[in-house]
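Please read the structure below before turning to the comments.
Each reported figure results from applying straightforward, stated rules to the coordinates on display, with no laboratory input. No experiment lies behind these values; they were computed from the predicted model shown. Note that we place each Cβ from the backbone using ideal geometry, even for glycine, and neighbour counts take in every protein chain shown.
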Amino acid sequence: MKIGIVSDTHMITKFIDKAIPYLKDCDLLIHAGDNFSDSKYIHNMTNVPIMAVKGNCDFENVEDELVFDIEDKTIFLCHGDKYGVKYGLDELEIKAKSVNADIVVFGHTHTPLCKEKGKILYINPGSVSFPRGVAYKSFVILDIDNGKINMTEIKI
């Protein structure tokens with residue numbers, strides 16, 4: 001299964017549109033918040049199913065965390081602000097372990113990260129609108145096939 005992962009798009013459609021050609025080929029999209037309304041825009045532009053949560057800049061009455069299974073992998077999706085991700089992964093790790101997550105997808109820092117800690121893979125796709133800590137805008141394509149995980153960072 002090919003999964004497009006974005007976060008922190010902040011309603012800047014001219015940058016979101018640069019990611020759309022890559023996202024159209026996905027089986028599922030994940031949006032880790034800021035701004036939730038962008039998940040609807042991306043879905044309308046790609047017609048790909050999307051799992052999305054709200055971030056600290058969102059005011060919609062929607063979930064701020066989701067746990068779901070894809071290809072025998074449990075994914076925990078959140079924005080990350082409630083877990084202090086700007087200061088490390090410790091709080092997020094506690095939550096990930098409590099839900100038996102194999103993969104954690106989060107945003108908030110606007111800085112791309114792919115880190116395996118223990119047996120949990122942590123993915124922050126960065127931001128397609130306002131990157132921090134890097135000189136490029138980014139998102140991630142995650143491929144899960146027969147239990148194997150491959151991740152590609154896309155720079156735009």
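For segment 44-56, what does the Karplus curve 6.51 cos²θ - 1.76 cosθ + 1.60, with θ = phi - 60°, yield as ³J(HN,Hα) per residue in whole Hz, taken in order and with x for Gly and Pro?
Once rounded to whole Hz, the list reads 5, 7, 10, 6, 9, x, 9, 10, 9, 10, 8, x, 6.
For segment 75-137, what is the largest minus smallest coordinate of the Cα atoms on each principal axis, given in angstrom and ordered from greatest to least?
For segment 75-137, the Cα extents along the three principal axes come out at 34, 19, 16 Å.
Tell me, how many Å apart are the Cα centres for segment 12-35 and for segment 108-132?
16
For the chain, state what percent of all Cα-Cα pairs lands in each successive 10 Å bin, counting from 0 Å until the bin that includes the largest distance.
The distribution over the chain is 12, 47, 36, 5, given as percents.
In whole Hz, what ³J(HN,Hα) sequence does segment 115-121 give by Karplus (6.51, -1.76, 1.60; θ = phi - 60°), x for Gly and Pro?
9, 9, 10, x, 10, 10, 9
For segment 71-85, in order, what is each residue's ³J(HN,Hα) by Karplus, 6.51 cos²θ - 1.76 cosθ + 1.60 with θ = phi - 60°, in whole Hz (x at glycine and Pro)?
Each residue of segment 71-85 in turn: 6, 6, 10, 8, 10, 9, 10, 8, 7, x, 4, 6, 10, x, 5 Hz.
Rounded to the nearest 20 debye, what is the charge dipole size of segment 59-154 about its Cα centre when +1 sits on each Lys and Arg Cβ and -1 on each Asp and Glu Cβ?
Result for segment 59-154 is approximately 420 debye, rounded to the nearest 20.
Which value in Å is the Kirkwood Rh of segment 1-87 over different Cα pairs?
Result for segment 1-87, one decimal place: 13.2 Å.
Among DSSP bridges having both ends in segment 2-155, what percentage is antiparallel? Round to the nearest 5. Kindly include the intermediate steps, with their values, before the conclusion.
Numbers: 23 of 36 bridges.
The antiparallel proportion sits near 65 percent.
Under 14 Å from a label point 7 Å along Cα→Cβ of Thr13: give me every residue in segment 27-54 with its amide N that close.
So the set is 37-46.
Which pairs break 29 Å Cα to Cα here: Lys14/Lys73; Lys24/Lys73; Lys2/Lys119; Lys2/Lys97?
Too far apart for the 29 Å limit: Lys14/Lys73.
Taking only C-alpha pairs under 8 Å that are 6+ residues apart, what is the relative contact order of segment 2-155 in percent? Mind showing how you got there, number by number?
On the way: 364 pairs, mean separation 35.6, N = 154.
Worked out over segment 2-155, it gives 23 percent.
Among Cys114, Met151, Ile141, whose Cα sits farthest toward the positive end of the charge dipole of segment 112-156 (+1 at Cβ of Lys/Arg, -1 at Cβ of Asp/Glu, about the Cα centre)?
In segment 112-156, that residue is Cys114.
Starting from 0.36 nm per residue, how many nanometres of slack lie between Glu60 and Met1 once their C-alpha separation is accounted for? Mind showing how you got there, number by number?
Values: separation 59, 0.36 × 59 = 21.24 nm, distance 2.88 nm.
Gain on extension, Glu60 to Met1, equals 18.4 nm.
Loop sites only, by DSSP: take the chymotrypsin sites (Phe, Trp or Tyr not before Pro) in the chain that have at most 14 other C-beta atoms within 10 Å and name the longest stretch containing none of them. List each step's numbers first, then the result.
Working: sites that count: Phe59, Tyr136.
The segment 60-135 is the longest one with no such site.
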